[in-house]
Amino acid sequence: MQLIDGKKTADDIKREIAMEVEAMVADGLRRPHLAAILVGHDGGSETYVANKVKACEVCGFTSTLIRKEDDITEDELLAEIDRLNKNPEIDGFIVQLPLPKHISEQRVIEAIDPRKDVDGFHPVNVGRMSIGLPCFLPATPSGIMELLKRYDVPTRGMRCVVLGRSNIVGKPMATLMMQKGYPGDATVTVCHSATKNLEAICAEADIVIAALGVPGFVKASMVKEGATVIDVGTTRVPDSSRKSGFRLSGDVDFENVAPKCAFISPVPGGVGPMTIVSLMRNTLLAAKGEIYK
Ligand code: GUN
């Protein structure tokens, strides 16, 4: 069994990005610039955005954090997005989700210029991904593809089961695993809450990508000997022994599943650290104008 170390891989990639940025600066170019809009004071969102700002520092990027109170109107938020769309100093930006209930997340996402949509959430980027055109890939699936590549996990002709059909993980993950080339060329099945015989389908998979958000859902009996298991779950489970009051729990019963696997990614330290790195890579691509020429 080989453990897929997302923390180490993410640190390696951040170093690679930082070297590229210093080379750009030496050539007289400005540093890539990522902006983030954070509405309100949600604990999880505060942590995610702080980690994104920290990753920008490590990569040598400029970052701008725009904070708004949660009584901001949708029109005010859309006006802020318009300013970022038009600001030539900003290469890419994100609006951290979730947003307060009175604001339409879909309207907000569609207001972002696809050329600056480094989250890859705009329908233009989603559509381009689905037909294999250059685009900003969503962070989590992109990070998983990078892990599969760097660990030389075989994917061609493999049976891949994706558990979960969310717009930001399950659906794009299935799209990328079935695309031509490596990593890809897999035969993909997507399972969800209405799937019958999910356990049996899962047990036939060479690659299981679990993105349900149900702690410990994937049991040893559902995993074939020699399979690769990628755990995307990051559910906060109350834990009074921790200073934070919670621990992160994956979708996989790691202790019992790991001995059967060829490769397995843990939680924490697997997919999680890779998602922020994907955002950094998209920002670098935006700064270099490499997606929309
Ligand atoms: N909230 C949880 N994950 C994400 C993400 O990847 N991007 C944004 N903008 N918000 C999120």
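Structure data summary
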quantity	calculated
In the range 106-120, residue surrounded by the most Cβ atoms within 10 Å (Cβ to Cβ) [restricted to those that are under 17 Å from the mean Cα position of the chain (by Cα) and hydrophobic (A, V, I, L, M, F, W, C)]	Val118
Selected residue (criterion: surrounded by the most Cβ atoms within 10 Å (Cβ to Cβ)) from residues of the range 121-147 that are away from the ligand (no atom under 16 Å from the Cβ) and in contact (Cβ under 8 Å) with a residue 60 or more places away in the chain	Leu147
Residue ID - farthest from Thr195 (Cα to Cα), chosen from residues in the range 158-176 that are away from the ligand (no atom under 16 Å from the Cβ) and touching a strand residue (DSSP E or B) at 6+ places or on another chain (Cβ under 7 Å)	Met158
Top-ranked residue in the range 262-277 [being more than 15 Å from the ligand (Cβ to nearest atom) and not in a loop (DSSP other than H, G, I, E, B); ranked as nearest to Gly226 (Cα to Cα)]	Phe263
Residue pairs meeting the criteria (Cβ under 6 Å; at least 6 apart or on separate chains; first more than 14 Å from Lys68 (Cα to Cα) and outside any strand (DSSP E or B), in the range 80-100; second of a type outside the set (Val, Ile, Thr) and within 16 Å of the ligand (Cβ to nearest atom))	Leu84/Ala35; Leu84/Phe93; Asn85/Asp113; Ile90/Ala35; Ile90/Leu84; Asp91/Ala286
Members of the range 267-293 found to be free of Cβ contacts under 8 Å to residues at least 40 places away in the same chain and of a type in the set (Gly, Ala, Ser), listed by number	Gly289
Some residue of the range 30-49 being touching an Asp or Glu at 6+ places or on another chain (Cβ under 9 Å), surrounded by fewer than 20 Cβ atoms within 10 Å (Cβ to Cβ), farther than 22 Å from Asp117 by Cβ and without any contact (Cβ under 8 Å) to a residue 60 or more places away in the chain	yes
Residue under evaluation Glu290, criteria (1) buried (at least 21 other Cβ atoms within 10 Å of the Cβ); (2) closer than 28 Å to Phe136 by Cβ, criterion not met	(1)
Output for the range 155-202, where each listed residue is touching a Pro at 6+ places or on another chain (Cβ under 7 Å) and in contact (Cβ under 8 Å) with a residue 60 or more places away in the chain	Val169
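One line per residue, one yes/no per condition, for (1) modelled with pLDDT of 95 or more; (2) touching a Gly at 6+ places or on another chain (Cβ under 9 Å); (3) not in a loop (DSSP other than H, G, I, E, B):
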| residue | (1), (2), (3) |
| --- | --- |
| Asp12 | yes, no, yes |
| Ala18 | yes, yes, yes |
| Glu22 | yes, yes, yes |
| Val25 | yes, yes, yes |
| Arg31 | yes, yes, no |
| Ala35 | yes, yes, yes |
| Thr47 | no, no, yes |
| Lys52 | yes, no, yes |
| Ala55 | yes, no, yes |
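The values are calculated or read from the model by the stated rules, or taken from the named source; none is laboratory data. Quick caveat, the model's predicted, so the values are computed rather than measured. Because the Cβ atoms are built from the backbone with ideal geometry, glycine has one as well, and the counts that use them run over all protein chains shown.
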